[in-house]
1. Which ones in the stretch 100-154 are within 15 Å of residue 178 (Cβ to Cβ) and basic (Lys, Arg)?
2. Just checking, how many residues over the stretch 1-51 are under 17 Å from residue 77 (Cβ atoms) and within 11 Å of ligand 2 (Cβ to nearest atom)?
3. Hey, can you tell me all the residues within the stretch 57-84 that are of a type in the set (Val, Ile, Thr) and touching a residue at least 40 places away in the same chain (Cβ under 8 Å)?
4. All but one of (1) surrounded by 14 or more Cβ atoms within 10 Å (Cβ to Cβ); (2) in contact with a Phe, Trp or Tyr (Cβ under 8 Å, 6 or more places away or on another chain) hold for residue 129; which doesn't?
5. Taking into account only those residues within the stretch 32-69 that are of a type in the set (A, V, I, L, M, F, W, C) and assigned to a strand (DSSP E or B), which is farthest from ligand 1 (Cβ to nearest atom)?
6. Within the stretch 86-122, can you find the residues that are within 13 Å of residue 142 (Cβ to Cβ), out of contact with any strand residue (DSSP E or B) (no Cβ under 9 Å at 6 or more places or on another chain) and either within 16 Å of ligand 1 (Cβ to nearest atom) or outside any helix (DSSP H, G or I) (or both)?
7. Yes or no: the stretch 159-182 includes at least one residue that is within 16 Å of ligand 1 (Cβ to nearest atom), of a type outside the set (Asp, Glu) and in a strand (DSSP E or B).
Amino acid sequence: MLEVQDLKTFYGKIQVLWGVSLQVQEGEIVAIVGPNGAGKTTLLNSILGLVRPTSGSVTFLGRRIDGLPSYAIAEQGISVVPESGRVFPDMNVRENLEMGAYYAWERRKEALAYVYQLFPRLKERERQLARTLSGGERQMLAIARALMSRPRLCLFDEPSYGLAPLMVREIFEIVQKIREQGVTVLLVEQNVRRALEIADRAYVLENGRICMEGECTELLESDHIRRAYLGM
Ligand SMILES: Nc1ncnc2c1ncn2[C@@H]1O[C@H](COP(=O)(O)OP(=O)(O)OP(=O)(O)O)[C@@H](O)[C@H]1O
Ligand SMILES: [Mg+2]
């Protein structure tokens, strides 16, 4: 479904991605794990057209999307739950969700019903300003907003960051549920154990390079993962 090939991305003269390649098949959950500053967000932003890679390619459903403006990439069916669940703080829940339907405006009613069924708590809080939501509710709103465009592929940038354990569990359950309902998932996570438990395959990104990849069951057994990421 998604194929990233030999992607190189710079900020000014500083190179952050050094030839990253990865693939996501339809229906998979694929995790990307790696330390702070490894380039995970930069990789997502390069896929989304928010940062321009200097070379390499991104292909989605058989079509090159690198070089397209970010709205055109969104229209192809890719959406994102940004780092730290960014939402529009001075808009209420409903307004935030409608912003997410921007590229699928005619279908926003069905989309609202779909996300409210996934997140009944958001329906109860429809008129509440986003800035008054709890951290967990805000993250749910960010996820729901990303789903409002009914994407085929959803990118998550550390959705469990800063949340208490119960909420972390809930967020990971939601990610699995979304996949069961037909949305393919590319998941960047710091919570390596949980990510490897719910994903099918994973890539380890260190210093802007993929240094390991494979089935999660194998990665969970690897010495490098156990020492560097699982504290064992
Ligand atoms: N807009 C920017 N301008 C210049 N440098 C940037 C910019 N965004 C990120 N960087 C640098 O690129 C490198 C990779 O950052 P990135 O945010 O992609 O890492 P990350 O893996 O997402 O880290 P974290 O786990 O902390 O979110 C870092 O050294 C960062 O300082
Ligand atoms: Mg990041």
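1. Scanning the stretch 100-154 gives 145, 150, 152.
2. 1
3. Once the filter is applied, which keeps residues that are of a type in the set (Val, Ile, Thr) and touching a residue at least 40 places away in the same chain (Cβ under 8 Å), the stretch 57-84 yields 58, 59, 78, 80, 81.
4. The number of the failed condition is (2).
5. Result: 60.
6. Within the stretch 86-122, 86, 87, 88, 119 meet the criteria.
7. Checked against the condition, which is being within 16 Å of ligand 1 (Cβ to nearest atom), of a type outside the set (Asp, Glu) and in a strand (DSSP E or B), the stretch 159-182 yields no hits at all.
Every read-out reported here was derived from the displayed coordinates using simple, explicitly stated rules and does not represent laboratory data. Quantities reported herein were computed from a predicted structural model and do not represent experimental measurements. So basically every Cβ, Gly included, is an ideal-geometry build from the backbone, and we count neighbours across all protein chains shown.
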